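J.: Before anything else, here's the structure in question.
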Amino acid sequence: IERTLSIIKPNAVAKDAIGAILGRFEAAGLRIVAARMMHLSREQASAFYAVHQERPFFGELVDFMTSGPVMVQVLEGEGAIAKNREIMGATNPAEAAPGTIRADFADSFTENAAHGSDAPETAAEEIAFFFPEGVCE
Ligand code: ATP
Ligand code: MG
């Protein structure tokens, strides 16, 4: 059974959408097997998004991700990585399908409400990044 790392980003936390977003995951068959509220440091946000450090939006992305608390979760289910990304919708909220998390809760391309791992390797790395103590069975 597959696991993925999900982040409810600061803009969605600020608009009190945690419950609505977690409800969508559960309704789609994604079980929440770990969760934690945290306010990322610039060091943590930069390390998490290190793959984007040369991109023009990197500074804005780190500013945003450190602007307030986030909720990080591990979601588990059949095809969890793809299912989570489908529920989130396209990265650019202008292109996100109606009814997706980004269509409903994003404020801009950067402030797009949610993160989900994009492949099994990155999911494993991202879960270990936020839950180094491991995740209970
Ligand atoms: P995430 O990794 O957050 O799940 P993603 O995999 O859909 O999103 P990435 O290409 O990994 O998208 O980009 C990471 C994040 O950087 C995006 O979620 C968004 O917040 C921001 N971002 C990406 N591209 C742009 C852009 N062109 N302009 C502004 N912000 C961007
Ligand atoms: Mg990504």
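J.: Quick one: what do you get for the chain if you divide its Cα Rg by 2.2 N^0.38 Å?
T.: Working: Rg = 13.8 Å, N = 137, 2.2 N^0.38 = 14.3 Å.
Expressed relative to 2.2 N^0.38 Å, the Cα Rg reads 0.96.
J.: Okay, moving on. Placing +1 on the Cβ of each Lys and Arg and -1 on the Cβ of each Asp and Glu in segment 57-137, which of 91, 115, 103 has its Cα farthest towards the positive end of the resulting dipole?
T.: Working it through, the farthest residue towards the positive pole turns out to be 103.
J.: Using a basic spin-label model with each label point 7 Å from the Cα along Cα→Cβ, how many nm lie between residue 58 and residue 136?
T.: Roughly 3.9 nm, to one decimal.
J.: Given segment 57-117 reduced to its alpha-carbon atoms as identical point scatterers, what log10 I(q)/I(0) does the Debye formula return at q = 0.13, 0.15, 0.23 Å⁻¹?
T.: Log10 I(q)/I(0), no solvent term: -0.36, -0.47, -1.00.
J.: 222 nm [θ] for the chain, helices only, -39500 (n - 2.57) per DSSP H run of 4+, per residue, to 500?
T.: Values: 7 runs with 55 residues, N = 137.
Counting only the DSSP helices, I get -10500 deg cm²/dmol.
J.: Also, I was wondering about something else. Just to confirm my numbers, what's the Cα centroid distance between segment 1-17 and segment 61-137 in Å?
T.: Their Cα centres are 6 Å away from one another.
J.: Listed highest first by mean packing, meaning other Cβ atoms within 10 Å per residue, what order do 2-10, 80-88 come in? Provide the component values of the computation, followed by the final result.
T.: Details: 2-10: 23.6, 80-88: 20.6.
Ranked by mean Cβ neighbours within 10 Å, highest first: 2-10, 80-88.
Readers should treat all values here as calculations from the given coordinates under stated rules, not as data from a laboratory. No experiment lies behind these values; they were computed from the predicted model shown. A quick note on method: Cβ atoms are made from the backbone with ideal geometry, for glycine too, and the neighbour counts reach across all protein chains shown.
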